[in-house]
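Student: If you scroll down you'll find the structure; I have some questions about it.
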Amino acid sequence: MYYQLYVESQRRVQDLVTPLDSAALDKPTPACPDWSVHDVLAHLAGAAASFGTDSFAGVGTDPWTAEHIENRRDAAVTDLLAERWACTPKLEHVPADHRVWLPVVHDALTHEADIRGAIGAPGLPADALAAAFPLVEPALGMKFAAFGPTTVELDGQPRNFGEGEPVLVVRTSMFEFWRGAFGRRSNRQMRSWVAAGDAAAFARVLPVFGPRDTDLLEPA
């Protein structure tokens, strides 16, 4: 299942970027303002190469991503796409419960969304995000344990963490929550989702890479 999600995201990215001219590829991505669309593609190719060798040293760190981009700065988009596709089959038989799927799938979907935001494309398919969301739920359970029973209501569907009357209640869309979890929303935006409980603490705990300094609005 997760392999299919990764491949489908890869196909969508290819369809999105193949028609782009050099000006569009040089556009900064609003979610990652230090990266252009080309830089995001370079990172996705470099990440695929790392995941294909089962190498997780430095995953998600600035040096890890910087190396991907620097080593591919002058690469054509066709070459970046081809490198990523060449590495993809190594993931096909990875078991669904393997630790690789959380960084692989969510990195792919996160950066697909970043590219969409940069070029004004519609948001991610809702079914892809819903299918990938279970990968983050165990980590969310650990994050929310400090608050006590927590209810996260996404698109009207409640997810309960812990037993008993919730002391923290969060209401937003799955897309907004997921973007916040991966550092694409500000503290103010994340606090606004809290219907009950400690909003400031929630906004501190949720994002893996820390919050943005400014609000970011994107089409879902």
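The values are calculated or read from the model by the stated rules, or taken from the named source; none is laboratory data. Quick caveat: nothing in here was measured; it's all calculated off a predicted structure. Here the Cβ is made from the backbone with ideal geometry for all residues, glycine too, and neighbour counts use every protein chain on show.
Student: Answer with yes or no whether Trp193 is among the hydrophobic types (A, V, I, L, M, F, W, C) and within 30 Å of Arg11 (Cα to Cα). Even if it seems obvious, please write down each step before you answer.
Tutor: Values: among the hydrophobic types (A, V, I, L, M, F, W, C): yes; within 30 Å of Arg11 (Cα to Cα): no.
So Trp193 does not fit the description; no.
Student: Okay, moving on. Among the numbered conditions (1) surrounded by fewer than 16 Cβ atoms within 10 Å (Cβ to Cβ); (2) under 24 Å from Phe209 (Cα atoms), tell me where Asp79 comes up short.
Tutor: (2)
Student: Since Asp155 meets every condition but one in (1) among the charged types (D, E, K, R); (2) outside the structural domain of Arg12 (by TED's automatic domain parsing); (3) over 25 Å from Leu216 (Cα atoms), which condition does it not meet?
Tutor: Asp155 satisfies all of (1) among the charged types (D, E, K, R); (2) outside the structural domain of Arg12 (by TED's automatic domain parsing); (3) over 25 Å from Leu216 (Cα atoms) except (3).
Student: Okay, next question. Look at Gly117 and say whether it is within 19 Å of the chain's Cα centre (by Cα) and in a loop (DSSP other than H, G, I, E, B). Walk me through it before giving the result.
Tutor: Working: within 19 Å of the chain's Cα centre (by Cα): yes; in a loop (DSSP other than H, G, I, E, B): no.
Spelling it out, it is not the case that Gly117 is within 19 Å of the chain's Cα centre (by Cα) and in a loop (DSSP other than H, G, I, E, B).
Student: Next up: Taking the range 132-153 on its own, how many of its residues are within 17 Å of Met1 (Cβ to Cβ) and over 22 Å from the mean Cα position of the chain (by Cα)? Reasoning before the result, please.
Tutor: Keep residues of the range 132-153 that are within 17 Å of Met1 (Cβ to Cβ), which gives 132-138.
Those left that are additionally over 22 Å from the mean Cα position of the chain (by Cα): none.
Adding up the residues that qualify gives 0.
Student: Then there is this: Condition test on Ala145, is it crowded, with 18+ Cβ neighbours inside 10 Å and either among the hydrophobic types (A, V, I, L, M, F, W, C) or free of Cβ contacts under 8 Å to residues at least 12 places away in the same chain (or both)?
Tutor: On the way: crowded, with 18+ Cβ neighbours inside 10 Å: no; either among the hydrophobic types (A, V, I, L, M, F, W, C) or free of Cβ contacts under 8 Å to residues at least 12 places away in the same chain (or both): yes.
Against the criterion (crowded, with 18+ Cβ neighbours inside 10 Å and either among the hydrophobic types (A, V, I, L, M, F, W, C) or free of Cβ contacts under 8 Å to residues at least 12 places away in the same chain (or both)), Ala145 does not qualify.
Student: Something else: With the checklist (1) within 23 Å of Asp62 (Cβ to Cβ); (2) in contact with a strand residue (DSSP E or B) (Cβ under 7 Å, 6 or more places away or on another chain) in hand, flag the one item Ser173 doesn't pass.
Tutor: So Ser173 meets the others, but not (1).
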